[in-house]
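The values are calculated or read from the model by the stated rules, or taken from the named source; none is laboratory data. All of these numbers come straight from a predicted model, not from anything done at the bench. Here the Cβ is made from the backbone with ideal geometry for all residues, glycine too, and neighbour counts use every protein chain on show.
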Amino acid sequence: MKARLDLEESFRIALGSLRANKARGTLTTLGIIIGIVAVILTMTAAHGLQNTFRQSFSAVGADVIYVSRMPWVVMNDFFLYRNRPGLELRQADLLASKLRGRAIVNPSIGGQRDLKYRSATMEGVTIIGTTERQTLVSTAQPELGRFITDYDVTRRKNVCVIGTDVRDGLFGDAAAVNQELKIGRTTFRVIGVMEKQGGAFLGGPNFDRQVFVPITSYVKAFGGDRRQQNVDVAVKAPSHEAVAALEFEVIGEMRKIRQLRPAEADNFSINKLDTLVGAFDNIMGVVLLVGLLITGISLFVGGVGVMNIMFVSVTERTREIGIRKAIGAKPHSILFQFLFEAAAICLMGGLIGVVVASVLTAVVNATVMPASVSIPILLIAVLVAIGVGVAAGFLPAWRGARLNPIDALRYE
Amino acid sequence: MGQPISSSPATAGRIALSLRDVVKTYVMGADEVHALRGVSLDVATNEYVAIMGASGSGKSTLMNVIGCLDVPTSGTYSLEGQPVAGMSEYQLAEIRNQRIGFVFQTFNLIPRSNVFHNVELPLIYAGVPRAQRRPRVEDAIARVGLTNRMRHKPNELSGGQRQRVAIARALVGQPSIILADEPTGNLDSKTGDEIMAVLDELHQAGQTILLVTHETYIARHALRIVRLRDGMIESDDAVPAGSLAGQ
C-alpha cells in the first residue's frame, strides 16, 4: 500500500522531469534509438534469412528421409566419407522392395548438363533422373502437362519435365510442352512444366532450374558404369510421427543390403530436413550472436549517455532530494524516482527506435528483399530499452538515494 | 557542564522532546569540530521555544538533531518518550515524516509542483490514501489562508505566500513539533510579522513550536528563549508576559 503510493509519486516526478527537460531527454534518447534500431534490424535480418531458408526448402518435406552416400552438411570431416561407395540403383530397388507397403521409396540421381533448344542454351542445369513417385515424396507438382509415369520409367522414354526458370530461359513466352530439347547430346521431349518453387536461397539449390527425366533414361543417356552410380533415395513415412521408427528400419535394411558386419560403421548417410534446418539454425545462431554483440556496443554507448544525463539530473536536484528526505521520503522513494526517469527516457528511445526500424524495414521490403518486423522482436526491443534504462539509471539513482539530507539541503 | 537546566514554569503538559547531555562532534579532515558539547533540554507539548545564538553557536546542529536529520555523537534524544538513538535511516525518515514539521528560511518548496501537491507530499510519503489526503491538504492550506492559490506554482507566489505554503506542509501531517529555522530570514519585516502571526496562531491552537532565530524581536514571539553559545546552553528563560506588546 505504502510502497504503491511511493511508486506513484516517483512515477509522477519522473514524468514531470521529462516534460521539463524535453530537449535534453530527446538528445539523450538518440543513442538509445540508434541502438534499438540496430538490434531490431539485426534480429529482423536473421529472422528473414531463416524464413527464406525454410521456404526455399519447404518442397523437401519434413516426413521424408534421404539415404545418400554423404551427409548434406559436411563440415571438416570430409575425409570420413570420401571413400564410401556410391549408392547403386540396384540397391535402391532392393530397399524399395523391402519397405513395400510401409513407405514410399523414390530413387533419384542428378548431375549438371547443358541444355539446348534451337538457338537458346542454358549451361549447368541440374538434371534429375527420378520415377513417378517424385511427386509423392515432394510437394512440387506440375503446373502444365504431366509428370513422368511408371510407363516412361519402365520403357526408358526420353521425356522431361522442366522447372519454370528453364522454361523461361529456353522457350520464353512460347509453349514448351511437346517441344524437343537437347540435354547434353540426347534429345528429350518436354511433357510438363513444374510449378514455381521460388526462394532460391543464397546460392543454395534453385528448384526452378531443374529438369526431371525418368531415372532409367538418365542412366541410359548419362549413366556409364554401374559402380560409379550415386543414387539418392527418398523414403517418405506415412506420418511425421513414424519418421523416427522408419529411419531405424531404413538403417537396418541398408546395412543388410550393404552386407555390413556389426562392428562396421554405416557407409551411407541418413539425411532429413531437420538435420539441414538444425545445421542452418546453428550457423544463424552464431551470426545472430555476433550481430547482437556488435549492436550491443551501440546500445551500451547509448546507455552510458543516459547514465551521464542521470548523474546531471541527480546533481541538479540535490536540493530537491534534501527537501524530500527532510519531509519523510525514504531512500527507496528517491531511488525509484530516478530509476523511473531513466527507464522512461529509454522507453521513449525504444518506442522511437521501433517506429524508425519499422519504417526502414518497410523500405527494405519495398526495394531490396522481402522483410518484415515481428511483434515479438519489437516487444523484446522495448523490454531491452527499459532494461538499459534501469541498468544505466541505477548508479546515479543510488547516489541520489544515499545523499545525506543535511548536505543535500545546504546544496546551492 | 551538561547539567539539565530546569524548564520554564510554563512546562505543564507532556514532554514533547528531551535531550540529555547531547554531544555532536564532526571530523573535518584532521580536526574535530565540537558543535554541541553536552546539551540537555526538555520541551513540553504546546511550548513555544525560541533557540538563539550567534553563528557557530551550534544552533543549526541542535536543529538537525531535534529534526532527526542527524544523530548525536553521544547523549540521548527522545521524541515523545521514544529514544532516537540507533534508528536506521528508514526509521528516521518515518519519524521526520510523522512527528516533525520543517519550516526553512529558504522555504524549500518543490519548484515544479503546485501548492496543493507541495502540501500533499508528506502525506504521500506517509502512505495516506488519496481520498483521505485531499480534505487534510485543503484544511492545512485554509489554515494559512491560501485556499485561492491552491493550483499556483511556487514561482507565482510572493515570499510570504511561499512561507505560508511551507507552514501548511509542515502542519499537514499533524506533527509533534514544528521546527522553524529562521522562518522570517528571507522576508521583509512586515511579511515576517505576518508569518510570525501564523505561527502564534498555531501555538494558540495547541501546536508545539521550536523557533530558531538570531533576531531578538522574532524570538520574543516565543514564551521561552534558549540561548546557545559554543555548543552549550548559556541561558534558558521564560519570556516575561507582555514583552511582545512592548515592541
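Considering only residues of region B:196-247 that are surrounded by fewer than 12 Cβ atoms within 10 Å (Cβ to Cβ), assigned to a loop (DSSP other than H, G, I, E, B) and aliphatic (A, V, I, L, M), which is modelled with the lowest pLDDT? Of everything passing the filter in region B:196-247, B:Ala245 is modelled with the lowest pLDDT. Of all residues in region A:349-364, exactly one satisfies the criterion of being more than 13 Å from A:Val37 (Cα to Cα) and either surrounded by 15 or more Cβ atoms within 10 Å (Cβ to Cβ) or of a type in the set (Asp, Glu) (or both), namely A:Val364. For region B:117-154, residues that are charged (D, E, K, R), within 14 Å of chain A (Cβ to nearest Cβ) and under 21 Å from the mean Cα position of the chain (by Cα) total 1. Looking at A:Glu316, A:Glu412, A:Glu320, just one residue is touching a residue at least 60 places away in the same chain (Cβ under 8 Å), within 14 Å of another protein chain (Cβ to nearest Cβ) and under 30 Å from B:Leu109 (Cβ atoms), and that residue is A:Glu412.
Screening region A:365-409 for residues that are exposed (fewer than 15 other Cβ atoms within 10 Å of the Cβ) and within 14 Å of another protein chain (Cβ to nearest Cβ) and picking the one that is farthest from the chain's Cα centre (by Cα) gives A:Asp407.
The numbered conditions (1) in a strand (DSSP E or B); (2) under 19 Å from A:Thr26 (Cβ atoms) are all true for A:Cys346 except (1). Within region A:323-339, the residues that satisfy the criterion of being within 14 Å of chain B (Cβ to nearest Cβ) and in contact with a Pro (Cβ under 8 Å, 6 or more places away or on another chain) are A:Lys325, A:Ala326, A:Ile327, A:Gly328.
Hey, any hits in region A:272-288 for a residue that's surrounded by fewer than 18 Cβ atoms within 10 Å (Cβ to Cβ), in contact with a Lys or Arg (Cβ under 8 Å, 6 or more places away or on another chain) and touching a residue at least 12 places away in the same chain (Cβ under 8 Å)? Yes, there is a match, as at least one residue in region A:272-288 is surrounded by fewer than 18 Cβ atoms within 10 Å (Cβ to Cβ), in contact with a Lys or Arg (Cβ under 8 Å, 6 or more places away or on another chain) and touching a residue at least 12 places away in the same chain (Cβ under 8 Å). Condition first: among the hydrophobic types (A, V, I, L, M, F, W, C), surrounded by 13 or more Cβ atoms within 10 Å (Cβ to Cβ) and modelled with pLDDT of 90 or more. Can you find one or more residues in region B:20-31 that meet it? Looking through region B:20-31, at least one residue is among the hydrophobic types (A, V, I, L, M, F, W, C), surrounded by 13 or more Cβ atoms within 10 Å (Cβ to Cβ) and modelled with pLDDT of 90 or more.
Given the condition more than 22 Å from the chain's Cα centre (by Cα) and in a helix (DSSP H, G or I), answer yes or no: does some residue in region A:34-52 qualify? For region A:34-52, residues more than 22 Å from the chain's Cα centre (by Cα) and in a helix (DSSP H, G or I): present. When A:Thr130, A:Thr139, A:Thr135, A:Thr126 are screened for being buried (at least 17 other Cβ atoms within 10 Å of the Cβ), of a type in the set (S, T, N, Q), closer than 27 Å to A:Gln229 by Cα and at pLDDT below 90, only A:Thr135 passes.
Residues that are more than 8 Å from chain A (Cβ to nearest Cβ), modelled with pLDDT of 90 or more and touching a strand residue (DSSP E or B) at 6+ places or on another chain (Cβ under 9 Å) were ranked within region B:85-101; the one that is surrounded by the fewest Cβ atoms within 10 Å (Cβ to Cβ) is B:Ile95.
Residue-wise test of (1) within 14 Å of another protein chain (Cβ to nearest Cβ); (2) over 13 Å from the mean Cα position of the chain (by Cα); (3) modelled with pLDDT of 90 or more.
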site	(1), (2), (3)
B:Val39	no, yes, yes
B:Ala44	no, yes, yes
B:Cys68	yes, no, yes
B:Val71	yes, yes, no
B:Tyr77	no, yes, yes
B:Val103	yes, no, yes
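Given the structure, is A:Phe300 part of a helix (DSSP H, G or I), within 14 Å of another protein chain (Cβ to nearest Cβ) and hydrophobic (A, V, I, L, M, F, W, C)? No, not satisfied.
For region A:166-179, indicate whether the set of residues that are modelled with pLDDT of 90 or more and either of a type in the set (S, T, N, Q) or touching a His at 6+ places or on another chain (Cβ under 9 Å) (or both) is non-empty. Yes; the residues of region A:166-179 include at least one that is modelled with pLDDT of 90 or more and either of a type in the set (S, T, N, Q) or touching a His at 6+ places or on another chain (Cβ under 9 Å) (or both). The residue that is surrounded by the most Cβ atoms within 10 Å (Cβ to Cβ), counting only those in region B:136-186 that are polar (S, T, N, Q) and touching a strand residue (DSSP E or B) at 6+ places or on another chain (Cβ under 8 Å), is B:Gln163. Taken together, A:Ile327, A:Ile352, A:Ile406, A:Ile309 contain a single residue that is without any contact (Cβ under 8 Å) to a residue 24 or more places away in the chain and in contact with a helix residue (DSSP H, G or I) (Cβ under 8 Å, 6 or more places away or on another chain), which is A:Ile327. Here B:Tyr48 qualifies as in contact (Cβ under 8 Å) with a residue 60 or more places away in the chain and among the aromatic types (Phe, Trp, Tyr).
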